[in-house]
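K.L.:
The structure is given below, and queries will be raised subsequently.
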Amino acid sequence: MTTLITGANRGIGQALMGLYADAGEPVIGTHRAADAGTMYELDVTDPASHAALAARLGDRPIDLLVCNAGVFLDKGQTLAGGYPADMWEQMFAANVTGVFLTIQHLLPHLQRANAGKIAIISSQMASHTRAPGGSYIYRASKAAALNLGRNLATDLAPEGIAVGIYHPGWVRTDMGGDSADISMEESAAGLAARFAELSLETSGCFLTWDGQEHPY
């Protein structure tokens, strides 16, 4: 089973890639800068970069696509003078459009697999049940990614492709900070277990890293 993980050069993506590699499973990671080996170049905001990745993969089936790449640029912004328009554009390009373009371009590779799966890394900050204020762009973009995943689950069911949306936990990464609850390794192990459980019967689910159903 081949897994492809976007944004695998650091954080949760890197931890997931290491977990699959240590288990001896074929895994491909992507990031914006070219590299050798199992790390492929992909700028998720650039359609040409997606086309180049798809061409590089050739006819290779992808059994599990993990849409992990994303940015959190609006931490600490103020309502009075922050959240500039270009920040909205950058974050939606990476966190929403980037997810869609990844799935769109790699769909033929998922179709070549037997019961392909898509995992979209969203956040509990996407849920309308959590509204403590602030981080408006990140919250809105992750809510859009959640909505995208739910609708893709409907459209891809006839293709035999399951789609899951996941909150990775509050993780000790550059994005999550040192005071976060869990390590990257704990998050990756929990997420991998959730991906393994994903099926057409559970497609469209929104789950936490440890298997709890999250309200939309």
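K.L.:
Can you find even one residue in the stretch 97-105 that is surrounded by fewer than 22 Cβ atoms within 10 Å (Cβ to Cβ) and not in a helix (DSSP H, G or I)?
P.N.:
Looking only at the stretch 97-105, we keep the residues that are surrounded by fewer than 22 Cβ atoms within 10 Å (Cβ to Cβ), and these are 97, 100-101, 103-105.
Pick out the ones that are also not in a helix (DSSP H, G or I) and you get none.
Checking the stretch 97-105: not a single residue is surrounded by fewer than 22 Cβ atoms within 10 Å (Cβ to Cβ) and not in a helix (DSSP H, G or I).
K.L.:
Every residue in the stretch 110-125 that is open to solvent by 10 Å² or more (accessible area, probe 1.4 Å) and assigned to a helix (DSSP H, G or I), please.
P.N.:
Across the stretch 110-125, the qualifying residues are Q111, R112, Q124, M125.
K.L.:
Look at the stretch 139-181 and say how many of its residues are assigned to a helix (DSSP H, G or I) and either open to solvent by 20 Å² or more (accessible area, probe 1.4 Å) or at pLDDT below 95 (or both).
P.N.:
We begin by selecting, within the stretch 139-181, every residue assigned to a helix (DSSP H, G or I); these are 139-159.
When the remaining residues are screened for being either open to solvent by 20 Å² or more (accessible area, probe 1.4 Å) or at pLDDT below 95 (or both), the result is 139-140, 143-144, 147-148, 150-152, 154-155, 157-159.
Total meeting the criteria: 14.
K.L.:
Do we find a residue being farther than 23 Å from D63 by Cβ and of a type outside the set (S, T, Y) anywhere in the stretch 155-165? Steps first, answer last, please.
P.N.:
Residues of the stretch 155-165 that are farther than 23 Å from D63 by Cβ, as a first pass: none.
Looking for residues that are farther than 23 Å from D63 by Cβ and of a type outside the set (S, T, Y), one finds none in the stretch 155-165, hence no.
K.L.:
Moving on. Can you name the strands (runs of 3 or more DSSP E) wholly within the stretch 1-93 that have at least 1 residues being open to solvent by less than 50 Å² (accessible area, probe 1.4 Å), touching a residue at least 40 places away in the same chain (Cβ under 8 Å) and polar (S, T, N, Q)? Lay out the reasoning, then the answer.
P.N.:
On the way: elements: 3-5, 27-31, 39-41, 64-67.
Strands (runs of 3 or more DSSP E) meeting the threshold: 3-5.
The values are calculated or read from the model by the stated rules, or taken from the named source; none is laboratory data. Because the structure is predicted, anything quoted here is derived from the model rather than measured. For neighbour counting, all protein chains shown are included, and Cβ atoms are generated from backbone atoms with ideal geometry for every residue, glycine included. What goes into the accessible areas is simple: the full protein's heavy atoms, side chains included, and nothing from ligands, DNA or RNA. Shrake-Rupley method; radii C 1.70, N 1.55, O 1.52, S 1.80 Å.
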